[in-house]
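Enquirer: Okay, here's the structure, questions in a sec.
The values are calculated or read from the model by the stated rules, or taken from the named source; none is laboratory data. Bear in mind that the values here come from a model prediction, so they are computed numbers and not experimental data. Cβ: placed from backbone, ideal geometry, glycine included. Neighbour counts: every protein chain shown.
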Amino acid sequence: MSGPLRTDAIVLRSLRFGEADRILHLYTPSRGRVGAIAKGVRRTRSRFGGRLEPFSRVRLICHEGRGELLTITSVETLDAHARLREQAATLDSAARACDAVARVFETEDPHESVYNLLANELALLAAAPARATHANALAFRLKLLIAAGLAPALGACASCGGIEHLVGYSPGAGGVVCNACEAGSFPIAAETHDFMTTALAQPLAQAPDASPRALRETERAIAETLEHHAHVRLRPAVAR
């Protein structure tokens, strides 16, 4: 049904379209990922100004017609996250966080928790550029797994339920496994297990640090879990 739609949104991506328009990929709390067109936004005297830049959190009024794209008619800036653009590391981290959300949650199914998680991550990166670390990016992705219903089993063997000798991670089983169930798994260090457990339990602002080995193993666990269960492949969490 056509008519006005009022919604908050985070701009995931912006693409040039035609002579003066832009196509926007947005993530909203009540409609999930949606596409919209901002007509005339690239003109010097556009009424939208620079309020629809990637990573901005905005409040929109859109016209919802019969096509797939919403048409933006009004925009109010809630948080421009301008400091994200001051350093290459924060800009890259923000882009990878938005890309991860776009890939894992690509439909219009509502996930308000995902919207809030991404808003929190972008605000943290803008407020403290030093947070643009591998550990922070992985803590964010671990929390995305929870929102996707793919939270890794870390308290006991994902195959037999045992709580001792948890030496591997099985993407197929969806979590850590013991030495008796390690077929099809890859080995992980105790530190990796500890990092994943703590990162899931703590707020993003308190994401723990870890050794390069633990971070590599955590990233592999996240990537292979998503590939196995959701058929989604993510970009690396940080630039190589």
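Enquirer: Those residues that are over 13 Å from Thr77 (Cβ atoms) and surrounded by 16 or more Cβ atoms within 10 Å (Cβ to Cβ), I need them from the range 49-62; list them, please.
Expert: Of the residues in the range 49-62, the ones over 13 Å from Thr77 (Cβ atoms) are 54, 61-62.
Passing the criteria: Pro54, Cys62.
Enquirer: All but one of (1) basic (Lys, Arg); (2) within 18 Å of Leu5 (Cβ to Cβ); (3) outside any loop (DSSP other than H, G, I, E, B) hold for Arg85; which doesn't?
Expert: Going through the list (1) basic (Lys, Arg); (2) within 18 Å of Leu5 (Cβ to Cβ); (3) outside any loop (DSSP other than H, G, I, E, B), Arg85 breaks only (2).
Enquirer: Taking the condition surrounded by fewer than 19 Cβ atoms within 10 Å (Cβ to Cβ) and not assigned by TED's automatic domain parsing to the domain that holds Thr197, does Ser46 pass? Can you show your working first?
Expert: Numbers: surrounded by fewer than 19 Cβ atoms within 10 Å (Cβ to Cβ): yes; not assigned by TED's automatic domain parsing to the domain that holds Thr197: yes.
Against the criterion (surrounded by fewer than 19 Cβ atoms within 10 Å (Cβ to Cβ) and not assigned by TED's automatic domain parsing to the domain that holds Thr197), Ser46 qualifies.
Enquirer: Among the residues of the range 169-184, write down those that are in contact with a Phe, Trp or Tyr (Cβ under 9 Å, 6 or more places away or on another chain) and in contact (Cβ under 8 Å) with a residue 40 or more places away in the chain.
Expert: Tyr169, Pro171
Enquirer: A follow-up question, please. Here is a list: Pro110, Pro54. Which entry is in contact with a strand residue (DSSP E or B) (Cβ under 8 Å, 6 or more places away or on another chain) and assigned by TED's automatic domain parsing to the domain that holds Lys143?
Expert: On the way: Pro54 fails: assigned by TED's automatic domain parsing to the domain that holds Lys143.
Sole residue among the options that is in contact with a strand residue (DSSP E or B) (Cβ under 8 Å, 6 or more places away or on another chain) and assigned by TED's automatic domain parsing to the domain that holds Lys143: Pro110.
Enquirer: Turning to a different aspect of this structure: Return the only residue of Ala156, Ala95 being crowded, with 16+ Cβ neighbours inside 10 Å and assigned to a loop (DSSP other than H, G, I, E, B). Give the derivation first.
Expert: Working: Ala95 fails: assigned to a loop (DSSP other than H, G, I, E, B).
Of the residues listed, the single one that is crowded, with 16+ Cβ neighbours inside 10 Å and assigned to a loop (DSSP other than H, G, I, E, B) is Ala156.
Enquirer: Taking into account only those residues within the range 100-149 that are under 14 Å from Ser30 (Cα atoms) and among the hydroxyl-bearing types (Ser, Thr, Tyr), which is surrounded by the most Cβ atoms within 10 Å (Cβ to Cβ)?
Expert: Tyr115
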